[in-house]
Amino acid sequence: MVEIHVETDRRECVTFVAATVANDGTRPREVTLETGLETVWAPRRQGHPEAGWDGDAVTLVVPAGGTRGIGFASPDAPESVRDAVGILSVTAEAPTTPAEAVLPHSATGLVRTLGDPTPPGDAVPSAETPPAPSPKPPRAVAAWFDALEARDDPDERDRKRARAVADRAARLLATLEAR
């Protein structure tokens, strides 16, 4: 038997939906869920809906004795979302090869699988690109440096700690530059 459990979380004007589909059978099942909502924002990868999504429905394989989670968003109220999401169909047995493992035969499927090949804009240098800011130490280290620097009368222990940090940083830099 296949069961569905739906949870919602409303933030601003969006209802986030997390559904868990459980299959207590001895064989994997292909399950199609229908949201029954006018507007469904399916999860997207590289601007395309995740594999299995078709409009307001999603088809997924639930392993034998296992569960599978899905999520989406909608502008509808949480109560109407919980009542609308349901199981549309369940196959007696899932295909032996999951649909996600098959090489897509469309441009959309290929982009979804492989991702956008263009490098991010900030990775391509240009004449107008300003130099990158110098890296900063982690917040905790910077706070320790600031506190040490603000002391009116640093003692020998403070000096030893500062020397130890400088020595360790010099060893680490030498190791990183040797790689």
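The values are calculated or read from the model by the stated rules, or taken from the named source; none is laboratory data. For clarity, every value in this text was computed on a predicted model and none was experimentally measured. Glycine gets a Cβ as well: all are built from the backbone with ideal geometry, and neighbour counts include every protein chain shown. These accessible areas exclude ligands, DNA and RNA; they are computed on the full protein's heavy atoms, side chains included. Shrake-Rupley method; radii C 1.70, N 1.55, O 1.52, S 1.80 Å.
Extending 7 Å from the Cα toward the beta-carbon at both A18 and A64 defines two label points whose distance is 2.9 nm. Taking amide hydrogens as placed 1.01 Å from N in the peptide plane, the amide H of R45 sits under 5 Å from those of E50, each at least 5 positions away in sequence or on another chain. Listed values for segment 40-56 are Karplus-derived 3J(HN,Hα) couplings in whole Hz (6.51 cos²θ - 1.76 cosθ + 1.60, θ = phi - 60°), namely 10, 9, 6, x, 10, 10, 6, x, 10, x, 4, 4, x, 7, 9, x, 9, and x replaces Gly and Pro.
Exposure check, 1.4 Å probe, all protein chains in place: I87 carries approximately 60 Å² of accessible surface.
Ordered by 1.4 Å accessible area with all protein chains kept, S134, S74 run largest first as S134, S74. In order along segment 3-14, the phi-based Karplus estimate (6.51 cos²θ - 1.76 cosθ + 1.60, θ = phi - 60°) of 3J(HN,Hα) comes to 10, 10, 10, 10, 10, 10, 9, 8, 9, 6, 10, 10 Hz; Gly and Pro are listed as x. Here W41 sits with roughly 120 square angstrom of accessible surface, probe radius 1.4 Å.
Amide H to amide H, with H built 1.01 Å from N, L88 comes under 5 Å of T32, L33, E34, counting only residues 5 or more places away or on other chains.
With each label modelled as a point 7 angstrom along the Cα→C-beta vector, the R161-R139 pair spans 2.0 nm. Applying 1/(1 + (r/R0)^6) with r as the Cβ-Cβ distance of V90 and Q46 and R0 = 35 angstrom yields a FRET efficiency of 0.70. Whole-Hz Karplus values for segment 22-29 come out as 10, 10, 8, x, 9, 10, x, 10 Hz, taken residue by residue from phi with 6.51 cos²θ - 1.76 cosθ + 1.60 and θ = phi - 60°; glycine and proline positions read x.
Solvent-accessible area of T118, probe 1.4 Å, all protein chains present, reported in Å² to the nearest ten, please. The accessible area of T118 comes to roughly 90 Å². Stretching I4 away from R179 to a fully extended chain increases their span by 57.8 nm, per 0.36 nm per residue minus the current alpha-carbon distance.
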